[in-house]
Amino acid sequence: MIQRNNSYRLLPFKFTHIGNKELIVNEVGDYLFMPNGTVQRVISGSVNRNTEEYRDLLSKFIICDSYNDILQDVIATRIRTKKSFLDGFTSLHIFVLTLRCNQKCVYCQATSQNKDCVNKDMKIEDLNKAISLMLKSPNPHITMEFQGGESSLVPSLVEHAILETERQNKSVGKEIKYVICTNIIHFSEELLNLCEKYNVFVSTSLDGPESIHDSNRGVSGSYKHFVDSLLRIRERLGQDRISPLMTTSVLSLNYPIEIVDSYRQLSFHYIFLRPLNPYGRAKENEDWNLYFDKFLEFYKKSLDYILLLNKRGEFFVEGFTAMVMKKILTPFPIGFVDLQSPAGIINSVVVYNYDGYVYCSDESRMMAESGDFTFRLGKVSDKYEDIFYGKKAQALSRVWATEYIAGCSDCAFQQYCGADPVRNYSTQGDWYGHRPSSLFCKFHKAVFEYLFELIDRRGNEVLPIIRRWIYD
Ligand code: SF4
């Protein structure tokens, strides 16, 4: 029977066990480590008012003295802040300008085609229409990202896209950030000029030392071209206008330290440890259970090494950890579409494919390349409202939030995690998904548990480092 001796009220919270403690998390992601048995005492009303425990629970919005308007306003403001990534609606607009590529990456998720293939480039009229759709977004800050295939194979399309956007945007007035995603194997002077003139940010990929990078690219000599172009781009655009992403192939899993060191050798101070996703070519060739178990070990070893480097005085950031920790340690949201609720699809990202169709995410257009058009939202010639608020978007909205899907709705990590109907469909055959057998869930749960263990066991040592990553 619930006792109300201390007459406090409960606020919504979730909990789990980390080591021999209880981790209690409130509705906005504030957390408390407490001794085992605390939750039982909290809900039975037996926490004594005159204790530090009571004050901790009160300050973390796990309990309150009474329900009132002021408290409600405070919590509402906190929730609004956490969900402020929704304020402007879709901010990232991906343009797949071509499906052609000059590499043969072993994990290619974009089902890229040979560089000489025909009919795999975006038509100018589709590109113009896609730009018009992009500029209809209510978001005043837009990121326009050029992808492939390999976008550097179509410099004239990149140039046209920028010039047309500048032209159309004269009457709209949005702030546009241009990003070109490229392997920089053959990064021409023409593209360099364009990047310099229009402040284009270069997003590239580096998978580690020469042997790993070349093996993952499926083409020998890639690494040497990469380094040559990197130096040219840095010299012209500046050190910080190019940044790489790392994809962890099966081979990479054995080289956590070497991969981090390869980034340091090229004067990068940031790495984002990214697992493979089960799309495109990557889907066919791995035992995913085993892969994610090994990736977790790889992640822990790399992170441990990176923390050690920081302890020795070197500033070097692990991007995935920094993002998750920002969710855990601050009231603010992050711009990482994989860990959003409501999901990143449509709310934050949309893809205009080379063939004139619009998809709700990069992964969904990759699935379309294998003949599955489930997540096609429409054509670039359709009305904005029909694409972004149409029947498919509405149907997706019923399954795209951790707050209301089974498994996530009562998970202690709900506030830090994300919903992904596309991944659910791709791996489990339906949009809703089944958390107990989901590898996405298993992997992220393991990461959250590991990071909370770090906070609990080594907080004094690692939190100052991670706070620098977040706030610098
Ligand atoms: S996916 Fe798993 S870890 Fe993430 S919120 Fe849902 S149940 Fe929790």
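The values are calculated or read from the model by the stated rules, or taken from the named source; none is laboratory data. Quantities reported herein were computed from a predicted structural model and do not represent experimental measurements. A quick note on method: Cβ atoms are made from the backbone with ideal geometry, for glycine too, and the neighbour counts reach across all protein chains shown. In case anyone asks, the SASA skips ligands and DNA or RNA and just uses the protein heavy atoms, side chains included. Shrake-Rupley method; radii C 1.70, N 1.55, O 1.52, S 1.80 Å.
Before moving on, here are some points about what is shown:
- Averaged per residue, segment 9-82 has 53 square angstrom of accessible surface, using a 1.4 angstrom probe with ligands and nucleic acids left out.
- Across the options Ser267, Ile346, Trp288, the greatest Cα extent toward the positive end of the charge dipole of the chain (unit charges at beta carbon of Lys, Arg, Asp, Glu) belongs to Ile346.
- Segment 88-385, relative contact order [Cα under 8 Å, separation at least 6], %: 23 percent
- A cut-off of 5 Å between modelled amide H atoms, ignoring neighbours fewer than 5 places along the same chain, links Phe375 with no other residue.
- For the chain, share of DSSP beta bridges that run antiparallel, in % to the nearest 5: 40 percent
- Across the chain: Cys residues that no other cysteine approaches within a C-beta distance under 4.7 Å: Cys64, Cys101, Cys117, Cys181, Cys195, Cys360, Cys408, Cys411, Cys417, Cys441
- Degrees, to the nearest 10: 222-237 long Cα axis against longest axis of the chain: 80 degrees
- Charge tally for Gln265 (other residues, Cβ to Cβ under 12 Å; Lys, Arg +1; Asp, Glu -1): -2.
- Looking at segment 13-89, none of the GluC sites (Glu not before Pro) sits in a DSSP loop with at most 13 other Cβ atoms within 10 Å of its own Cβ.
- Considering only the Cα atoms of segment 139-236, their convex hull presents on average a projected area of 6.7 nm².
- Degrees, to the nearest 10: 124-135 long Cα axis against longest axis of the chain: 30 degrees
- Amide H contacts under 5 Å for Tyr270, placed H, 5+ residues apart: Val317
- Carbon/sulfur fraction of accessible area - segment 88-385, other protein chains in place, 1.4 Å, %: 50 percent
- Scalar couplings 3J(HN,Hα) for segment 171-187, obtained by applying the Karplus form with A = 6.51, B = -1.76, C = 1.60 to θ = phi - 60°, are 8, 10, x, 7, 8, 10, 10, 9, 10, 10, 9, 8, 7, 6, 4, 10, 9 Hz; x denotes Gly and Pro.
- Kirkwood Rh and Cα Rg combined as Rg/Rh, segment 88-385: 0.95
- Residues with amide H under 5 Å from that of Phe201, placed H, sequence gap 5 or more: Tyr178, Val179, Ile180
- Segment 9-82 - convex hull of the alpha-carbon atoms, volume per residue in Å³: 81 Å³
- Size of charge dipole - the chain - debye, nearest 20, with Cβ of Lys, Arg +1 and Asp, Glu -1, no other charges: 740 debye
- 1.4 Å probe accessible area per residue over segment 88-385, in Å²: 39 Å²
- 10 °C / 1.306 mPa s Stokes-Einstein diffusion coefficient of segment 47-190, Kirkwood radius on C-alpha pairs, µm²/s: 84 µm²/s
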